[in-house]
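Before any comments, here is the structure.
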Amino acid sequence: MNRKKIRLGVLVSGSGSNLQSIIDHSEKDQLDARISIVISNNPDAYALERCRRHNIPAAVLDHRAFPERADFDRQMIEILHASGVDLVVMAGFMRILTPIFFRAFPMKIMNIHPALLPSFPGLHVQQKALDYGVKFSGCTVHFAEEGVDTGPVIIQAVVPVFEGDDEKILSERILKEEHRIYPQAIQYYAEGRLEIIGRTVRVKSSGKIEAASLVNPPVTIT
Ligand code: GAR
């Protein structure tokens, strides 16, 4: 189909499975978006191999070469602007960004996080969820603001935590949902359906989900 596509700049640091999901949805023409540039701060990121396989332009910006965080951010901004990026998508990007970066792309930066924010921001959050003993966890796509894993929530997926889960099993259960909700959030954005009202993101004409509630473990009394 010949719809107008927005241009994405995707920031990665590691495996890039979320990047892969965006690539796959885009190649199947399920996204009104195409990836203009991928930037990795890690020269060894497997995400770079994914770019090679799919002929996607990629830049390596090794943060260790920059004495100041702000210099690294300025360089990223330059590359993203040169690629005409409409939306910045952080997909497993493990660097803290400075205010300079947020000012360059106001409410045009998305992030995905493997927890139900605002619970468990930061690192190793699947293990933290297990240690806390929560019965549900999940993932969140949000507009990124200054701070770590913070900003208006666009979409969340909930997964149950079962007895016997370890970090790997729970991470995989969450990651499967990440791969569904990130392309969806990008598509909502591309369709112009996201309206930010204070802290709340309204998704125009999204309808309502069926589930009235989720309980884990099950309620067996009436
Ligand atoms: C994903 O689980 C993503 O949510 C997480 O890093 C992983 C990257 O996987 N991001 C964060 O924790 C950000 N705070 P991927 O490289 O395979 O997409």
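The values are calculated or read from the model by the stated rules, or taken from the named source; none is laboratory data. Because the structure is a prediction, the values reported are computed rather than measured. Please note: Cβ atoms are built from the backbone with ideal geometry, for glycine as well, and neighbour counts cover all protein chains shown. Ligands, DNA and RNA are stripped out before the accessible areas are found, and what is left, the full protein with its side chains, is counted by its heavy atoms. Shrake-Rupley method; radii C 1.70, N 1.55, O 1.52, S 1.80 Å.
Scanning residues 5 or more positions from ILE155 or on other chains, those with amide H under 5 Å from its amide H are VAL141, with H placed 1.01 Å from N in the peptide plane. Ordering of 110-117, 174-181 by packing is 110-117, 174-181, highest average first (other Cβ atoms within 10 Å, averaged per residue). Among ALA70, ALA211, ALA47, the largest mean-square fluctuation in a Gaussian network model of the chain (Cα springs under 10 Å) belongs to ALA211. Under 14 Å Cα-Cα from LYS204, which aspartates and glutamates qualify once same-chain neighbours fewer than 8 residues away are excluded? Leaving aside aspartates and glutamates fewer than 8 places away in the same chain, those within reach of LYS204 are GLU191, GLU195. Placing +1 on the Cβ of every Lys and Arg and -1 on the Cβ of every Asp and Glu, with nothing else charged, gives region 106-206 a dipole about its Cα centre of roughly 420 debye. By its C-alpha gyration tensor, with a ≥ b ≥ c as the square roots of the eigenvalues, how is region 139-186 shaped: rounded for a/c under 1.5, else prolate for a/b larger than b/c, else oblate? Prolate is the answer for region 139-186, as a/c is 1.5 or above and a/b outweighs b/c. Paramagnetic label reach from ALA82 (point 7 Å along Cα→Cβ; backbone nitrogen cut-off under 12 Å): within region 30-58, residues 58. Antiparallel as a % of all DSSP beta bridges within the chain, to the nearest 5? Here the antiparallel bridges make up roughly 45 percent for the chain. Sorting 133-143, 78-88 by average packing, meaning the other beta carbons within 10 Å per residue, from highest down gives 133-143, 78-88. Estimated at the nearest 10 Å², the accessible area of GLU172 is 100 Å² with a 1.4 Å probe. In order along region 33-45, the Karplus-derived 3J(HN,Hα) couplings, from 6.51 cos²θ - 1.76 cosθ + 1.60 at θ = phi - 60°, round to 8, 9, 7, 8, 7, 10, 10, 10, 8, 10, x, 9, 5 Hz, and Gly and Pro are given as x. Approximating the spin labels as points 7 Å out from Cα along Cα→Cβ, the ALA211-to-ALA70 distance works out to 4.5 nm. Charged side chains reduced to their Cβ positions (Lys and Arg at +1, Asp and Glu at -1) give region 72-149 a dipole of some 100 debye around its Cα centre. In terms of its Cα atoms, region 39-140 spans 45, 33, 28 Å along the principal axes, sorted from long to short. Short-range pairs are left out: with C-alpha atoms under 8 Å and at least six residues apart, the relative contact order of region 1-141 is 24 percent. If you wrap the Cα atoms of region 173-216 in a convex hull and average its projected area over all directions, you get 4.5 nm².
Accessible surface for ASP29 stands near 50 Å², nearest 10, in the context of the full protein assembly shown (1.4 Å probe). Computed with every protein chain present, the accessible area of ARG3 is close to 80 Å² [probe 1.4 Å]. Using alpha carbons only, the radius of gyration of region 1-84 set against its Kirkwood radius gives Rg/Rh = 1.00.
In square angstrom, what is the accessible area per residue of region 73-222 with a 1.4 angstrom probe? Could you put the intermediate results ahead of the total?
Values: 8340 Å² over 150 residues.
I get 56 Å² per residue for region 73-222.
For the peptides 32-42, 99-109, 151-161, the ranking by packing is 32-42, 151-161, 99-109, with the highest mean count of neighbouring Cβ atoms within 10 Å listed first.
Return the carbon/sulfur percentage of the accessible area of region 158-222, one whole number, probe 1.4 Å, all protein chains in place. Each step should come with its number before you reach the end.
Numbers: 2510 of 4670 Å².
Ligands and nucleic acids excluded, carbon and sulfur give 54 percent.
Please state the shape class of region 62-209: rounded when a/c is under 1.5, otherwise prolate if a/b exceeds b/c and oblate if not, all from the C-alpha gyration tensor. It comes out oblate by the Cα gyration axes.
Based on protein heavy atoms only, region 1-42 ends up with 41 Å² per residue of surface accessible to a 1.4 Å probe.
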